[in-house]
Structures are given as C-alpha cells and as structure tokens.
Amino acid sequence: MRRKMRETPNESAVTRLRAAGLRPTRQRNELADLLFKDGHRHLTAEALHAEAVNKGIRVSLATVYNTLHQFTAANLLRQVMVDATRSYFDTNTTEHQHFYYEDDGMLADIPGSEAIAVDNIPEAPEGTQVARVDVVVRLKRQ
C-alpha cells in the first residue's frame with residue numbers, strides 16, 4: 001500500500017513565522033500561505049476560513065481567529081476595525097489609510113495615503129503614547 005506524501009510547507013511562510021517568533025505549526029503555515037501568497041490583501045476571518053476550507057484545509061473558524069490575532073500581535077498583520085461588528089486583517093503593515101465600501105464590505109488602501117495628515121491629535125494620557133491613528137473613509141456607490 002502506497003502512503004500519501006505530505007506536502008512540504010511553503011518555506012517563505014515558515015521563515016516569516018520563525019522571524020516573527022512564532023512556532024510554524026501546520027495550521028499557521030497553511031494560513032500564512034493563503035494570507036501572503038498573492039501580495040497585500042484585506043480579509044476577514046470568515047473570508048480566510050472560507051478560502052481555507054475551499055482549499056481543503058481542515059481548520060476551525062476559532063483557530064483562524066486565534067491565528068490572525070497571533071499574527072497581528074507578531075506584527076505580521078494589521079487589524080483594521082471598520083465598525084463594532086467587522087474587522088479586517090491587512091497584510092500591509094506599513095502606515096497607510098483605507099477606503100471602506102459600505103455597499104459591498106470591501107476595504108481598499110487609499111493610494112498615497114502616507115501623505116494624509118491628521119492634525120490636533122489630543123495628548124495621550126500620562127504613561128501612554130499614541131501607537132497609530134487609523135483613517136477609514138467610508139464610501140457609498142452612486
């Protein structure tokens with residue numbers, strides 16, 4: 001009887017995880033492969049879970065959420081909250097801002113948004129500092 005060969009994880013995913021201080025488990029490798037294979041993208045946990053299931057990856061939605069939060073804590077992803085019920089994970093961790101298309105729930109980078117200036121940011125309370133300011137411009141299609 002012939003054994004099925006196990007697929008080798010994407011070495012760039014393994015390297016990326018190790019460099020971020022994360023142990024490259026099977027599920028982390030598979031999710032990192034999906035997240036980072038096609039350049040920068042924005043997706044919800046539900047969208048990544050559906051993509052994983054579609055590719056035959058056996059992973060629970062809870063594991064996807066946990067992994068995305070671990071990747072965010074390790075600075076591999078940036079979390080963008082568009083409202084109290086919807087959060088996106090962005091593979092582009094550089095400083096930039098976003099358009100949010102309310103009609104279809106799409107999040108997109110604002111081109112040249114590194115030039116956006118936010119004035120009059122209140123002084124942070126004692127013992128804290130401003131980590132970042134997110135600008136999400138909400139759009140409706142006409």
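The values are calculated or read from the model by the stated rules, or taken from the named source; none is laboratory data. On a predicted model such as this, the values are computed, not experimentally measured, just so you know. Neighbour counts run over all protein chains shown; Cβ positions are idealised from the backbone, glycine included. Each accessible area value is taken on the protein alone, full model and side chains, heavy atoms only, with ligands, DNA and RNA left out. Shrake-Rupley method; radii C 1.70, N 1.55, O 1.52, S 1.80 Å.
With the whole protein complex present, SER12 retains an accessible surface near 70 Å², based on a 1.4 Å probe.
When only the heavy atoms of the protein chains count and the probe is 1.4 Å, how do THR25, THR94 rank by accessible area, highest first? Walk me through the intermediate numbers first.
On the way: THR25 35, THR94 80 Å².
From most accessible down to least: THR94, THR25.
Measure off 7 Å from each Cα along the Cα-to-Cβ vector at SER60 and ARG18, then give the distance between these two points in nanometres to one decimal. If labels sit at SER60 and ARG18, their model points lie 3.0 nm apart.
For the chain, the longest principal axis of the Cα atoms and the long axis of helix 45-54 meet at an angle of about 20 degrees.
For the chain, the solvent-accessible area of protein heavy atoms averages 69 Å² per residue (probe radius 1.4 Å; ligands and nucleic acids excluded).
Which whole-number percentage describes the relative contact order of the chain, with Cα contacts under 8 Å and a sequence gap of 6 or more? List each step's numbers first, then the result.
Values: 150 pairs, mean separation 25.3, N = 142.
Averaging sequence separation for qualifying contacts and normalising by length gives 18 percent for the chain.
Any chance you could tell me what percent of the C-alpha pair distances in segment 67-134 go past 13 Å? Taking all Cα-Cα pairs of segment 67-134, the fraction more than 13 Å apart is 71 percent. Were the residues from ALA131 through ILE116 laid out at 0.36 nm apart, the gain over their Cα-Cα distance would be 3.8 nm. Take the chain and mark each of the GluC sites (Glu not before Pro) that is in a DSSP loop with at most 10 other Cβ atoms within 10 Å; the longest unmarked stretch, sites excluded, is 8-122. In segment 1-134, one over the average inverse separation of all distinct C-alpha pairs is 16.8 Å, which is the Kirkwood hydrodynamic radius.
Note the full-extension length gain between ASP104 and LYS37 as 0.36 nm times their separation in residues minus their Cα-Cα distance, in nm to one decimal. Write out the running numbers ahead of the final one.
Working: separation 67, 0.36 × 67 = 24.12 nm, distance 2.40 nm.
21.7 nm is the gain from fully extending ASP104 to LYS37.
Sites counted here are trypsin sites (Lys or Arg not before Pro) in a DSSP loop (not H, G, I, E or B) having no more than 13 other Cβ atoms within 10 Å; the longest part of the chain that contains none of them is 59-131.
Rank ASP134, ASP90, ASP119 by accessible area, highest first, at a 1.4 Å probe radius?
On the way: ASP134 75, ASP90 0, ASP119 120 Å².
In descending accessible area the options line up as ASP119, ASP134, ASP90.
Take the Cβ atoms of THR85 and GLU123, set R0 to 35 Å, and the FRET efficiency comes out at 0.70.
In the chain, a dipole from Cβ-located charges (positive for Lys and Arg, negative for Asp and Glu) runs towards its positive end, and of ILE57, ILE110, THR72 it is ILE57 whose Cα lies farthest in that direction.
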